[in-house]
Every structure is written in C-alpha cells, then in structure tokens.
Amino acid sequence: MDTRMMMQHVKVCAIGSVMSLLCLASTGRADTGDWLILPEEAAMAPAPEPRRGILEVGREDISIGPVIEIVEPLNGGRGPMPIQVSIRFTPRSEPVDLASLKVTLVKFILIDITDRIRPYVTPEGIQVNEAKIPPGKHRVRITLADRAGEFSVKEVSFEVL
C-alpha cells in the first residue's frame, strides 16, 4: 500500500471512530453490557468548567418540579467500583412523570444514558445497588418533570477509584 492510500485509510478509520462516538452519544445505542457509563465515554474529554461568578450557566440546580435528592453517591464523593446509586424523587404538587426523565453524562459532548438507567427507575427514584461505572471523575445531570410540566434539574459530580 503506498503512502497516499495508507493516509486515506487512516483518515477513513479516524472519521469512522469519531462518527461511532457521536452516534453512541446521540442515540445511546451500543453493546453496553451492564455498564451504566461505558469506559470509552468515561475517557472522553470533560465539559469545560463554567466560570465562577454571578451567572454560572448550567451549574445551578433547578427545582420547580419534583424534588430530586441525591442520596448516593455524594456530590464530590469518592469510592471504589461498584458504587451505590440512590436517588429519590418526591413530587411537589403533581405526580412524577417518569417519561420525562433524562440522565446525561456531562462531557464535552453530552451523552444520554437514560436508557441504561431505566431498568432501575421507579416513581420513588433510582436505585442501583452495584453500579458498574469505570474509574474516573464523572458529572451526571438528572432532569425530571411532573405531570403538570414543571421540571427540576440536579447535577452530581463524583469519582470512582
């Protein structure tokens, strides 16, 4: 194979790898086994940290809908794999709308992991006794609405050792 053909092959492979990651990030479809966060996702570039100041867009929790209480992992917590995930949903005035639930891994590209979490979701919350999450620092955003359309957003950052 000459140099020009080899370079074209490398470009095609690189583009294919990037497209696979983008497809995975946008569809959530992959052979995930029992990982809640895939090792390839954990290795992706982190989202830039918002500037400290008056407006920290995307960092504040919004809570006009159901209360989202992160019991475990603690925000800023650290622990070995597998980790315990325990999140409580408490309705304010209307019942929780589980169809509105969205769980996102916050990386440079947001990764929707809702479908992987769904088997562990009840109207009371999310309970995973031994979550398989790769080592590293992770930031997860949970969005949930009630049946009146009022929503809440909660973020948690934690580290798996």
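Summary of values
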quantity: Number of positions in the stretch 122-161 that are farther than 21 Å from Glu41 by Cα and open to solvent by 30 Å² or more (accessible area, probe 1.4 Å); calculated: 10
quantity: The stretch 105-121, subset part of a strand (DSSP E or B) and under 19 Å from Ser86 (Cβ atoms), residue most open to solvent (accessible area, probe 1.4 Å); calculated: Val121
quantity: Only listed residue being open to solvent by 30 Å² or more (accessible area, probe 1.4 Å), closer than 27 Å to Gly33 by Cβ, in contact with a Leu (Cβ under 6 Å, 6 or more places away or on another chain) and not β-branched (Val, Ile, Thr), chosen from Pro80, Pro46; calculated: Pro80
quantity: Single unsatisfied condition, Gly77 versus (1) farther than 23 Å from Gly136 by Cβ; (2) at pLDDT 50 or above; calculated: (1)
quantity: Ala131 part of a loop (DSSP other than H, G, I, E, B) and not charged (D, E, K, R); calculated: no
quantity: Near pairs, Cβ below 8 angstrom, 6+ apart or cross-chain, from the stretch 73-94 (without any contact (Cβ under 8 Å) to a residue 40 or more places away in the chain) to any residue that is in a loop (DSSP other than H, G, I, E, B) and open to solvent by 70 Å² or more (accessible area, probe 1.4 Å); calculated: Arg88/Glu124
quantity: Qualifying residue in the stretch 57-67 (condition: open to solvent by less than 20 Å² (accessible area, probe 1.4 Å) and assigned to a strand (DSSP E or B)); calculated: no
quantity: Flag if Thr90 is at pLDDT 95 or above, closer than 18 Å to Ile62 by Cα and open to solvent by 50 Å² or more (accessible area, probe 1.4 Å); calculated: yes
quantity: Test: residue in the stretch 97-104 that is without any contact (Cβ under 8 Å) to a residue 12 or more places away in the chain and in a strand (DSSP E or B); calculated: yes
quantity: Lys137, sole failed condition from (1) part of a strand (DSSP E or B); (2) touching a residue at least 60 places away in the same chain (Cβ under 8 Å); (3) over 20 Å from Pro80 (Cα atoms); (4) within 15 Å of the chain's Cα centre (by Cα); calculated: (3)
quantity: Selected residue (only one of Ser157, Ser152 is part of a strand (DSSP E or B), more than 16 Å from Ser100 (Cα to Cα) and small (Gly, Ala, Ser)); calculated: Ser157
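The values are calculated or read from the model by the stated rules, or taken from the named source; none is laboratory data. Every value quoted in this text rests on a predicted model; they were computed, and no experiment measured them. Cβ coordinates were reconstructed from backbone atoms using ideal geometry, including for glycine residues, and neighbour counts include every protein chain displayed. Surface accessibility is based on the protein's heavy atoms, side chains included, excluding ligands, DNA and RNA. Shrake-Rupley method; radii C 1.70, N 1.55, O 1.52, S 1.80 Å.
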